[in-house]
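One structure below.
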Amino acid sequence: MPNIVDPLVGRIAARVRAERERRRWTLAQLADVSGVSQAMISRIERGESSPTAVVLGKLSAAFQLSIASLLALAEGAQDEARDDAQGVAGVRRRTDAAEWQDPGTGYRRRQITGPHFPAEVAEIRLPAGARVPYPAAAFAFVRQVVWVLDGRLTFHDGDTVHELDAGDTIELGGPADRVFANTTDDECRYTVILTRGAQP
């Protein structure tokens, strides 16, 4: 599969480091706020470890970004240069899009829109049996819609559980602890459409 995992590890490392340094936080401070160990954050920032979706969720929550925003910022690093050179509008080939894979669950994410587009659209492939939880803070400052394309998604929105089939959508309200789960024997493919609200 083209551009999977390795090209993004370095960009995710740089983005996590940049977000931490922008806030003038030490590794210890980020560890305290996120609940991710200082050693793990250090390995991520050095590009020695590919973080899981759960770890990225905790880090994005600490930065008050959605996980989609954190990954889009990392993925957009190479797109920025291309867009500046070629203009924002235009065709983005499937082979040009970096795809991030969670080493823990096999969850795969591909950014559909470029860094200058006013909404973020990502395609997610959730393997059979995978379960990815995110803390409420990962959903702060965003409006988000989940649209199931193939398969079935069991979506925990706080204490409420929704069984979503192909073609179903859910528009998310205020921040809540959420879980994306695939309890079937087949892959689930869905799209996340996100717009940003006020951010710190």
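Each Lys and Arg adds +1 at its Cβ and each Asp and Glu adds -1 at its Cβ; summed about the Cα centre, the chain shows a dipole of about 640 debye. Distance between the modelled labels on Asp165 and Arg143, one decimal in nanometres: 2.9 nm (7 Å Cα→Cβ projection).
Annotation for Asp157 and Thr184: the two label points, set 7 Å from Cα along the Cα-Cβ direction, are 2.0 nm apart.
Top to bottom by accessible area (1.4 Å), largest first, where do Glu123, Glu163 land? Walk me through the numbers before you get to the answer.
On the way: Glu123 20, Glu163 85 Å².
Largest accessible area first, the list is Glu163, Glu123.
Computed from the Cβ-Cβ distance with R0 of 41 Å, the FRET efficiency linking Glu123 to Asp32 stands at 0.75.
Rolling a 1.4 Å probe over the protein heavy atoms gives the chain an accessible area of 47 Å² per residue.
The values are calculated or read from the model by the stated rules, or taken from the named source; none is laboratory data. Quantities reported herein were computed from a predicted structural model and do not represent experimental measurements. Positions of Cβ are backbone-derived with ideal geometry, glycine not excepted, and every protein chain shown enters the neighbour counts. Just the protein is used for accessible areas: all its heavy atoms, side chains included, with ligands, DNA and RNA removed. Shrake-Rupley method; radii C 1.70, N 1.55, O 1.52, S 1.80 Å.
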